[in-house]
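Please read the structure below before turning to the comments.
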Amino acid sequence: INKKSKIAVSALLLATLVGCSDSKSSTEYIAEAKVAFQNGENSTAVIALKNVLQTDESNLEARFLLGAVYAQQGLWLNAEKELRRAKNSGFNEGDIDTLLVKVAYRLDDTEYLTSAKEVKNEHSELAKLYLAILTLKNGNVADGRAIFDEIILVNNEQSISKLALSWDLFLNAKYSASLEQLTLLGSSNL
């Protein structure tokens, strides 16, 4: 075999080895993670998203999705870390604000919920609801009721307000009316 043939064979072998490697793009890994997440395969989703972040740690979509997967798994501290990193870096898509409020509730982060309720957007009412529940949980019934009253008075047509009304009725020992309100509310994505 002459020198040109050796070079050609080496180039062909190298091209074959590179072509057979598992070098997916960030977009392919993210798509794989989304499918895995939808199918309940959280471990597969985490691996795919970590593969993205290993090569591109500034990929905000991957950070957001990793935070969402961690929240799904109940890994609240990990979820908070990833979601806040994405949010602080400018990611404002999807349900990041809703997830951050839910994670703050799970972590008993009344400071975050208090600040989130002050921002007047679609997530502030959810933050108020979770803050009221945490306030009750911490034994301050009067302040919890005051927050429920504020929710009820501001938006009486939203499902969050109806849920707050149900809580208020329950706290006033009107159990049947509370249950009736919950039945009318049906299933809600809170």
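The values are calculated or read from the model by the stated rules, or taken from the named source; none is laboratory data. Just so we're clear, the structure is a prediction, and the values are computed from it rather than from any experiment. As a convention, Cβ positions derive from the backbone with ideal geometry for all residues, glycine included, and neighbour counts pool all protein chains shown. Note: accessible area is taken over every heavy atom of the protein model, side chains too, but ligands, DNA and RNA are not part of it. Shrake-Rupley method; radii C 1.70, N 1.55, O 1.52, S 1.80 Å.
Can you pull out the residues in segment 69-81 that are outside any helix (DSSP H, G or I) and in contact with a Phe, Trp or Tyr (Cβ under 9 Å, 6 or more places away or on another chain)?
none
Of the conditions (1) small (Gly, Ala, Ser); (2) at pLDDT below 95; (3) closer than 30 Å to Lys128 by Cβ, Ser26 fails just one. Which one is it?
Among (1) small (Gly, Ala, Ser); (2) at pLDDT below 95; (3) closer than 30 Å to Lys128 by Cβ, the lone unmet condition for Ser26 is (3).
Within segment 21-51, work out how many residues are open to solvent by 60 Å² or more (accessible area, probe 1.4 Å) and of a type in the set (A, V, I, L, M).
Here the count works out to 2.
Count, please, the residues in segment 52-63 that happen to be assigned to a loop (DSSP other than H, G, I, E, B) and crowded, with 17+ Cβ neighbours inside 10 Å.
Number of matching residues: 1.
Quick check on this structure: which one of Leu126, Leu66, Leu49, Leu113 is in a helix (DSSP H, G or I), in contact (Cβ under 8 Å) with a residue 60 or more places away in the chain and touching a helix residue (DSSP H, G or I) at 6+ places or on another chain (Cβ under 9 Å)?
Being in a helix (DSSP H, G or I), in contact (Cβ under 8 Å) with a residue 60 or more places away in the chain and touching a helix residue (DSSP H, G or I) at 6+ places or on another chain (Cβ under 9 Å) holds for just one of Leu126, Leu66, Leu49, Leu113, which is Leu126.
Going by the conditions given, is Asp97 open to solvent by 60 Å² or more (accessible area, probe 1.4 Å) and under 28 Å from Ala62 (Cα atoms)?
The answer is no for Asp97.
Which count do you get for residues in segment 88-107 that are out of contact with any Gly (no Cβ under 9 Å at 6 or more places or on another chain) and assigned to a helix (DSSP H, G or I)?
Summing the residues that are out of contact with any Gly (no Cβ under 9 Å at 6 or more places or on another chain) and assigned to a helix (DSSP H, G or I) in segment 88-107 gives 7.
Which condition number does Ser159 fail, the rest of (1) touching a Ser or Thr at 6+ places or on another chain (Cβ under 6 Å); (2) within 20 Å of Val46 (Cα to Cα); (3) polar (S, T, N, Q) being met?
Unmet condition: (2).
For Gly74, are the conditions met, namely being under 22 Å from the mean Cα position of the chain (by Cα), crowded, with 20+ Cβ neighbours inside 10 Å and within 30 Å of Ala33 (Cβ to Cβ)?
Judged against the criteria, Gly74 is not a match.
With the checklist (1) open to solvent by less than 20 Å² (accessible area, probe 1.4 Å); (2) closer than 19 Å to Tyr105 by Cα in hand, flag the one item Ser178 doesn't pass.
Condition (2) is where Ser178 drops out.
All but one of (1) at pLDDT 90 or above; (2) assigned to a helix (DSSP H, G or I) hold for Gly139, so report the exception by its number.
(2)
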